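Working notes for the structure below.
The values are calculated or read from the model by the stated rules, or taken from the named source; none is laboratory data. The structure displayed is predicted, hence computed values, not measured ones. Glycine gets a Cβ as well: all are built from the backbone with ideal geometry, and neighbour counts include every protein chain shown. Just so you know, the surface numbers come from the protein's heavy atoms only, side chains and all, with ligands and any DNA or RNA stripped out. Shrake-Rupley method; radii C 1.70, N 1.55, O 1.52, S 1.80 Å.
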Amino acid sequence: MRRTEDRLRGALLGLALGDAVGAPFEGWPRVGGAEVDAWLDDGARLRWTDDTHMALALAQVLDADDGALDEERLGDAFAAAFAEQPWRGYGAGPPQVFALARRGLTYREAAASLFGGSGSFGNGAAMRVAPVALVARSDLERAAELAAAQARVTHTHPEGVEGAVFVATAAAVLATSDAPVDSMPQLLRTTTERMSADPLRRALTEVLAAAPDVERLTRVARRVGTGVAARESVPAAVAALLSGHDVVSTLRAAVVLGGDTDTIAAMAGTLAGAVHGASDIPRRLLDRLEAAEQLEALASALLER
Ligand code: R7I
Ligand code: MG
Ligand code: MG
C-alpha cells in the first residue's frame, strides 16, 4: 500500500519535474544529450510552466470537491490561475476559452467552439492530468471519467480528450499494478485498446510494438512527431517511458526528442513517476524544483482523502 502511494505521489512530482526539466528546450527541433545532462547537473531553480500550473489548479479543485469534479468550478480555477500568471507559456486555446466563459458560455461550450468548432486536439488536457490518478487509484473507469471531464473544460476534440484519458488511466494502472516493470507494454496495450480516436491510438500501438528496442522507440517517436498535438506528444511520452530505466533517464529520453519538450517530459514524468515512485526522484532535483513542498502537500491531501 505504501509503495502504491509512493508511486501515485511520483506521478504528480514527475509531471512537475518533467515540465521544468523540459522547459528551457521547448520548440527546439532536437536536443543533445549533453545539453540535457548539463541542465540536470546545473544548480539553477527548476521552474515549471502552464503544464504544472494547470495541474495544481486541477489538484486543488479535486481536493476541495472531495474527488468529484465540477466543470465550471474547474474552469474558474484554470481561468484564475491564468489571470494571475499569464506568462507561464500557455497555448493559444485556453485563454480564448476563459474569455468566452466570461461572456456567459459554459466552459465546455466555449472549448467546443474553438478551431472552427472542432475543439482543441492539443496536449493541454493530457499534460495536466496526473492528479486524477491520485484520486482514482486502481479504479480505471473513474480515472477515465475524471480525465475526460477535466479535459472538456478546455479541449473537446476526441484526440484532446483521449490523450488525457490515456495518460490518466496509464498512470493509474502503472502505479497500482503489481506486474513487473518489463510487462509495461502489455499493461499499456490494454489501456490503448479502450481508445477510439484513431491517429492517436494507432501511434500509441506503434510505439508499444517498438519496445524494448530503444533505437526503434526513438525512430517511431520521431516519425510520429513531437508537436503540441496530443496525437504526437502523448505517444512520444510513452516512447520515452519505455526508453528509460528510472525517472531521470526517462526525462532525459523525453527531452532529447525535441519539439514540445516540457510537455512530453511532463507526461513521461507522470508515467515514470507512477512506475518508479517519488522515492526514485533524486533529492538534489526536488530541492531545485519550484514549489516542490506545495506539490508534495497536495499529493498528500489527495492521497489522504
Ligand atoms: O493544448 P494547449 O493547452 O497547449 C498546450 C501546449 C503545451 O506545449 C504547453 O507547454 C504550452 O506551451 O502549450 O493549447 P491549445 O491552443 O488548445 O492547443 C495547442 C495548439 O495546437 C493550438 O494553439 C493550435 O496551434 C493547435 N491546435 C489546432 N490546430 C488546428 N485545429 C489544437 N487544436 C487544433 C485544431 O483543431
Ligand atoms: Mg508548458
Ligand atoms: Mg509544452
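Numerical summary
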item	result
Stretch gain in nm, segment E145-R216, where the contour uses 0.36 nm per residue and the Cα spacing is subtracted	22.3 nm
Segment 29-51 versus segment 210-229: alpha-carbon centroid distance in Å	20
Compactness index (Cα Rg / 2.2 N^0.38 Å), segment 2-303	0.89
Per residue accessible area in Å² of segment 2-303, where ligands, DNA and RNA are left out and the probe is 1.4 Å	37
Extension gain from A297 to S138, taking 0.36 nm per residue of separation minus the Cα-Cα distance	55.1 nm
Candidates A265, A291, A133, ranked by Gaussian network fluctuation over the chain, Cα under 10 Å, top entry	A291
Heavy-atom accessible surface of segment 2-303: percent carbon and sulfur, 1.4 Å	51
Length released on extending from E109 to V181, taking residue separation times 0.36 nm less the Cα-Cα span	21.8 nm
Residue of A268, A149, A92 that the Gaussian network model of the chain assigns the largest fluctuation, springs spanning Cα pairs under 10 Å	A92
Computed magnitude of the charge dipole of the chain (debye, nearest 20; Cβ of K, R +1, Cβ of D, E -1)	480
GNM top mover of A211, A253, A237 - the chain, alpha-carbon springs below 10 Å	A211
Charge sum, other residues only, whose C-beta stays under 15 Å from R219's C-beta, Lys/Arg counted +1 and Asp/Glu -1	0
Virtual spin-label span in nm between S118 and A209, 7 Å along Cα→Cβ	2.5
Helical contribution to [θ] at 222 nm, DSSP H n ≥ 4, -39,500 (n - 2.57), averaged over the chain, rounded to 500	-21000 deg cm²/dmol
